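Scroll down for the structure; my scribbles are underneath it.
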Amino acid sequence: MNLGQRFYLREVFSGLGLTAGHFFRNMGRHIAHSLGRRDARGAVTIQYPDERRRLAPRLRSLPRCVACMMCETVCPARCIYIVADEHPNPEIEKVPSRFDIDLGKCVFCGYCVEACPEDAIRMDTGILEFSSYSRGGMIYSKEALLALEPAGPDGRPTSPVPIPADRRP
């Protein structure tokens, strides 16, 4: 092996050339746009959280579940925990007395949405801002999930989001 192969110099310079090419091409488009050429648009950085991207309609985000035992069974991450209880109305078989989802484990695969026969669990809230300083803060109860409102057409959540990162379950 020669020195160039040993230190991957060709690969390093190839990567630097590719990065520099993208940088200067994008910079040239921004300059052309600022000089009046309206069809030249460079890549734009979105100033989050002041600006929001338009979300795809198929986006899966926080679930809103009211009653489904199949979602716990089908979940590959085993992040859903349900305790069923009898409903006071004898015509209704059961109701979840406890529904917890650990969003720290959730892979947002959507299997729970597909498995629910009643369309009771949904992932169309558009809420993407959930974080916590502790693992316990990532566990959402049924009450917390039901309190979340879906996002508006502009992508801005209507719930008080972001949920405080230091919240306790």
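Any read-out appearing in this document is the output of simple, stated calculations on the displayed coordinates, not a laboratory observation. Note that this is a predicted model, so its numbers are computed, not measured. Cβ sites come from the backbone with ideal geometry, for glycine too, and all protein chains shown count toward neighbours.
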Please turn the phi angles of region 35-45 into ³J(HN,Hα) values with the Karplus equation 6.51 cos²θ - 1.76 cosθ + 1.60 (θ = phi - 60°), one per residue in order, whole Hz, x for glycine and proline.
8, x, 7, 6, 7, 8, 10, x, 5, 10, 8
Just to be sure I understand the model, the point goes 7 Å from the Cα along the line to the Cβ. What's the resulting VAL107 to LEU16 distance in nm?
4.0 nm
Which FRET efficiency value, to the nearest 0.05, is calculated for ALA144 and ALA84 with the Förster distance at 22 angstrom and r the Cβ-Cβ distance?
0.70
Under 5 Å between amide H atoms, partner at least 5 residues away or on a different chain: which partners does ALA84 have, H built in plane at 1.01 Å?
SER97
Calculate one ³J(HN,Hα) per residue across region 77-89 by plugging θ = phi - 60° into the Karplus curve 6.51 cos²θ - 1.76 cosθ + 1.60, and present them in order as whole Hz with x for glycine and proline.
8, 6, 9, 9, 10, 10, 10, 8, 9, 6, 7, x, 7
Amide H partners (placed H, <5 Å) of GLU129, local residues excluded:
none
May I ask you to order 37-47, 103-113 by the average number of other C-beta atoms within 10 Å around their residues, highest value first?
103-113, 37-47
Under Karplus coefficients 6.51, -1.76 and 1.60, residue-wise ³J(HN,Hα) of region 129-146 in Hz, glycine/proline x
8, 9, 7, 7, 8, 9, 5, x, x, 8, 8, 9, 8, 4, 5, 5, 5, 6
